[in-house]
Structures are given as C-alpha cells and as structure tokens.
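The values are calculated or read from the model by the stated rules, or taken from the named source; none is laboratory data. This structure is a prediction, so every number in the text was calculated from the model and none was measured. We place every Cβ from the backbone using ideal geometry, glycine too, and count neighbours over all the protein chains shown. We work out accessible area using only protein heavy atoms, side chains counted, and drop any ligands, DNA or RNA first. Shrake-Rupley method; radii C 1.70, N 1.55, O 1.52, S 1.80 Å.
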Amino acid sequence: MADLDRRAVEIMKANDRGGFTVPSAGLYPHQWNWDSAFAALGFAEFDLDRAWTEIETLFEGQWPNGMVPHIIFRHNGADYFPGPSVWGCEQVPPTSGHSQPPLAATVVRSLFERDRTAGAARARALLPKLLAWHRWFHETRDPEGRGVIAATHPWESGRDNAPDWDGAMAKVDPTGVTPYDRHDIHQVDPAMRPTQEDYDRYIRIIEWGRAAAWDHLRITREGPLAVADPGLTFILTRADRDLGALAETLGESACAREVATWVDRAAEGAGLLWQDRLRSYAALDLRDGRPADGVSSVAFLAFFAGISDPRRDARLLATLDRVLSAAPFGVPSFDPAHPRFDARRYWRGPSWPVMNYLIGRGLEEAGLVDTAARVRADTRRLIEGGGFYEYYDPRDGSGAGGGDFTWTAAVWLAWASPSKA
Ligand code: GLC
C-alpha cells in the first residue's frame, strides 16, 4: 500500500469513535451527516462491515418525522458551539434541528453493490429509513412540489458561508441574538472561517427554529431563510435514483414507485435553477425570487444528478472549463472571476475534495471523461501536496481549515488515490 493510502487509513481509524467517525478531532467532535456518508465510502475500501455501521449509526439520530439531522451530539462535553441546549431539540441522542445533503442512499447502494450477499439484509433494513428521509425533504423542503429543495439554514446546504446565501442572509435581522462564544475561531485562523456577521445570523435562524418547535414545514414557509439550493437538489435527485434502483433490486416496488414520482419532477426543478446569464445553475431565494449572482461549484453536480439538457450542458461545461483554467488547483467552490471570491475562506473560493469527488463521478458517468480526469488529477495533486486538509486554496493548493480530515482521507481512498487506477 502506498504511503498516502496508509496515512488515509490511519486518519480514518484515529477519527473513529466506535461506530461513528468525527470529521476532525477538535474542530468537529461529534457525528456529522454527510461526513458519515463520505466516511463510509472510505471505510468500504478496507472494512466493508465498518462502512455499513457508519451509516447505521447515522440513522440512530433520525427524527420521527423522517429527518436525519446534520449533527448527532455524541457526548455532553462543552467542546462544540452551538451544542444541544442552543438547538433545544427533544431528541435522544441529542441532535441539531435541520438536515444536510442526503448522500446516504447513494453510498448505501454502492456498499450493497460491492457485496450483495453480505449487504442485502442491511440494505433492506435501511430502505424504509432512507425513504422516510427523502420524503421529509420533498414534503417539507419543497412543499409546492416544484422539484427544487430549499436550505432553511446555510448549514443545511453543507456549504456554510457560500455567497449563494448572501442576499438571503442580509435580510436576516440578528438583533437580540443571545450572546455566545464561538469555538471554531479558537481552533483555526478566523480568516478561514465565516465572519462574525454571518455567525450572529446563523444563531438567530436556529433561535427562530427552536421557537417554532422545529416545525419544519413552517420553517420553510415562514422562517428567516429559504433558498432553493442546486447542491441539495442535485444530491437528492441522485440519491432518489439510487434509492429507486436499490428498491427495485430488493423487490420493494411500492418504495420504487414513490421515488419515481420525485425523479420525474427533477428536470423541471433544474429548469428553475438554470440561469442563462451565468451559464450555470444557481441558488434561488424563495422569499423574493432572486437568483444568486455567481457560480458555485455545486452547479456542476447536475451531471451527478443525471440531469441532462444538450444546450445547457454545453454552456455549463464551458463554465467549468473557464473556472478550472482560472484555478490551478480546482474545483474552486466559487467563481475566481467574481468580486466576492475569497481563496481561503471556506465555501467562498477554496477547493473541497469531497465536492470534487461528486463532480468528477458525475462527469465520468456522463461520458465526459477528459474533464472528469482533470478534476481527479487536481484532487490528487491537492492531497499529495497539502496533506489531508478540510479544504485547499485553489491558487496554490495549500491546505486550510482543519487537518487530518476524515472525508478528505475517505475521498482519497475511494477515488483520488493512484491505487484506484
Ligand atoms: C462544515 C462544512 C460542512 C461539514 C462540517 C463537518 O460545517 O461546511 O459541510 O459537514 O463542517 O465537516
């Protein structure tokens, strides 16, 4: 095994807390939703049984209404803010109050495909739980059934401070937010983290949800923020397809039929998110109908979602080519040509290997093999040069944010490593 493969395995084992994995010791000391999905992909490379367990423990946090929360708090330590008392959710184990990109069904399908015999019972047990979660997304985050999924908190999108939320965040009034102490800026350089203005609003939105007793439908309709997100929309569309295929294989035809109705709306939803002026898909503020004014890397997940429209695809690919040419270590999370691009600040410019994996896989499946190879080669260079960081500066490839990061190690093992051919 090559050195970096060995190192990646070591990181995953060191971040394993027994059945679940922390994203990064210190900065993120609990279980995060889509991080666990990526972790399972990494574990599958050397311990398939442990990979299944990661997904199973994630579902321990599922709410009675089907939602799988973005954080499951695994201990009572005061080492993370905002902790259970800020969220005020009455769940055991304690959790946060909104969700995160639903990648689990896609991962479950690939675990199952690796070994159908070993995986059949576990996949079957997870199927109704996955279905309930997807139904929750469609019913409460797309109540009008338009085929676009809303983020009601920037954290729900998994892209905390992306410029996609700037317009909607400016309308959130942070006045009266309960005073608090951030932990993240004691762990990493504040210049790489969301700003204080953003943070006050993040907490304000949580306080609104708590006061609404986490009525998710009401939060989508009336809460401080609801932005249709190409990331959530495309990842869910893809996960719906995988869930449907899994249900077919397992002979669960009622599940497959319900999922098919969601997949049918996906093309219409993508049409709503397309912005010809940007030559890209873009987030859409559901409160005032305004689209984001710049290109975020999630736009390129259309291929991963299996969304195809010849005219749009050509334009989107030209945009991807332009963005990759502007950033030697892509894929930058936000357009380097945009005035609000910020090379080291989280989701406002840096490259994230996890996003590259989803983009690259989608491109490859769409037959766009050269572009897929370019994205994979960039990812490999990032990790070879910088180590297993949370994210990287797309101009010089230097690592930023948290170190020894679980999902970066997982993506290396599952896809970016040369040993994956
Ligand atoms: C940050 C990321 C989010 C991730 C979490 C743990 O909040 O924006 O996507 O799940 O860290 O890694």
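Structure above, values below:
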read-out: Hull shadow area, averaged, the chain [alpha-carbon convex hull, nm²]; value: 18.1 nm²
read-out: Estimated FRET transfer efficiency when R0 is 22 angstrom, pair residue 25-residue 3 (beta carbons, to 0.05); value: 0.55
read-out: Per residue, in Å², the accessible surface of region 1-134 once ligands and nucleic acids are set aside, probe 1.4 Å; value: 35 Å²
read-out: With all protein chains modelled, accessible area of residue 7 [1.4 Å, Å²]; value: 80 Å²
read-out: Per-residue SASA entry for residue 70, accessible area with 1.4 Å probe, Å² rounded to 10; value: 10 Å²
read-out: Of 82, 69, 350, the one that fluctuates the most in a GNM where the chain has Cα springs shorter than 10 Å; value: 82
read-out: Signed unit charges on C-beta, dipole axis of region 65-213, positive-most listed residue 131, 175, 117; value: 117
read-out: Full-stretch length increase - residue 373, residue 276 - with 0.36 nm per residue and alpha-carbon distance subtracted; value: 32.3 nm
read-out: Dipole in debye (nearest 20) - the chain, about Cα centre, beta carbon charges: Lys, Arg +1; Asp, Glu -1; value: 440 debye
read-out: For the chain, built as a Gaussian network whose Cα springs stay under 10 Å, the top-fluctuating residue of 200, 293, 309; value: 309
read-out: Extension reserve of the residue 17-residue 257 stretch, reckoned as 0.36 nm per residue once the Cα distance is removed; value: 82.6 nm
read-out: Residues whose placed amide H lies under 5 Å from that of residue 281, excluding near-sequence neighbours; value: 275
read-out: Probe 1.4 Å, all protein chains present, accessible-area order of 258, 60, largest first; value: 60, 258
read-out: Gained length - residue 10 relative to residue 315, 0.36 nm times residue gap less alpha-carbon distance; value: 105.7 nm
read-out: Distance (nanometres) between label positions extended 7 Å along Cα→Cβ at residue 92 and residue 421; value: 4.9 nm
read-out: Between region 322-389 and region 139-209, the Cα center-to-center distance that results, in Å; value: 24 Å
read-out: Listed residues 299, 327, 170, most fluctuating in the chain (Gaussian network, C-alpha, under 10 Å); value: 170
read-out: Förster radius 25 Å - calculated FRET efficiency between residue 47 and residue 365 (Cβ-Cβ, nearest 0.05); value: 0.45
read-out: ³J(HN,Hα) computed for each position of region 147-155 - Karplus, 6.51 cos²θ - 1.76 cosθ + 1.60, integer Hz, glycine/proline x; value: x, 10, 9, 8, 8, 9, 8, x, 5
read-out: Hypothetical label at residue 181: residues of region 28-52 whose amide nitrogen lies under 20 Å (7 Å Cα-Cβ projection); value: 28-30
read-out: 19 Å cut-off, amide nitrogen to a point 7 angstrom out along residue 290 Cα→Cβ, residues in region 157-185; value: 161-175
read-out: Largest-first ordering by accessible area, 1.4 Å probe, given options 80, 199; value: 80, 199
read-out: Residues residue 60 and residue 173, FRET efficiency given R0 of 25 Å [Cβ-Cβ distance, rounded to 0.05]; value: 0.10
read-out: Accessible area of residue 92 in the full protein assembly, 1.4 Å probe (Å², nearest 10); value: 140 Å²
read-out: Region 199-261 - percent of accessible surface contributed by carbon and sulfur, probe 1.4 Å; value: 46 percent
